[in-house]
Structure formats: structure tokens, C-alpha cells
Amino acid sequence: MTETSHDTHRPAARIAGRTARRQAEAPRDWRRAMSDHVAYALLVYTGLQIFMTVKALNEGGSGLLPYAALVILVAGIIPACRWFEKRWSDLSDAQAIDPAHAAAFRRDASALWLLAIGLPVALTILIKAAFALF
């Protein structure tokens, strides 16, 4: 049995093979990649806010405060995410596939994810500390 026909029986190997071929055929478009990161980071950020921050606020009080805080915090992250996306969407077609941008892309993607995960965690810690003091 050849390697190719053997791989057709293993879905993960087929997917990995397709991904490798796709990457070899077309360079990565930094604009689209950052847009994807921003979209996923917003989902993660919102999920963390819902499950961590709102839970911490509900433990300390009731009413509409937790939900108002959630709306304000989600609205507050959008300008930061838009800044990351705009920074990369302004690239020309040639710049968008230039491998020289890989290090800057990794730096910005890391900062975006640190913000998306770090803010809800830090805010939850601050809320719990404030409720413990008062």
C-alpha cells in the first residue's frame, strides 16, 4: 500500500497533508490572519467576561450592575481589537504576503491574546479583592 492511499484512511493525516500543500502553494495573508485572530480573541474575551467577571460581580451584589459592566467591558475592548486589525488591514497586497512581517505579526497576535485573556482574569481578581475589602 502506498503512503498516499494509506493516508486516505486517516483523516488527520489527510487534513495535515492538505494544510501543508496549501501553505506551500500560497503565502500567508497577514491581513486575513490578524482578522481571524481578532474575531477569535473577541469570542474568548466575551466568554471569559461572562463566565468569570459576571460571576464575580454576581457574588458581590445583585441587580443590573454585572450586566452593565459586561456591556461596558465588551464595548471597551472593541477599539483595541480594531486597532490591531486596522494596523494589518492597511497593508498592500504585496506587503500582506511578505514573510518579513512574521515577527511583527507574532508580536501583535501575542499582545492581542494577552489582552483578551489577561483583562478578564485581572478584572475578576480586582473585583474579588474589592468585595473582600468591603
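The values are calculated or read from the model by the stated rules, or taken from the named source; none is laboratory data. Predicted, not measured: the structure shown is a model, and the values here were computed from it. When we count neighbours, we look across all protein chains shown, and the Cβ atoms used for this are built from the backbone with ideal geometry, even at glycine.
A few comments on the model shown:
- Exclusive hit being part of a loop (DSSP other than H, G, I, E, B) and hydrophobic (A, V, I, L, M, F, W, C), set LEU114, LEU91: LEU91
- Candidates ALA130, ALA116, ALA94, ALA109 - the one that is surrounded by fewer than 11 Cβ atoms within 10 Å (Cβ to Cβ) and either free of Cβ contacts under 8 Å to residues at least 60 places away in the same chain or small (Gly, Ala, Ser) (or both): ALA94
- MET34 meets the conditions (1) among the hydrophobic types (A, V, I, L, M, F, W, C); (2) surrounded by fewer than 17 Cβ atoms within 10 Å (Cβ to Cβ); (3) modelled with pLDDT of 80 or more in every case but one. The failed one is (2).
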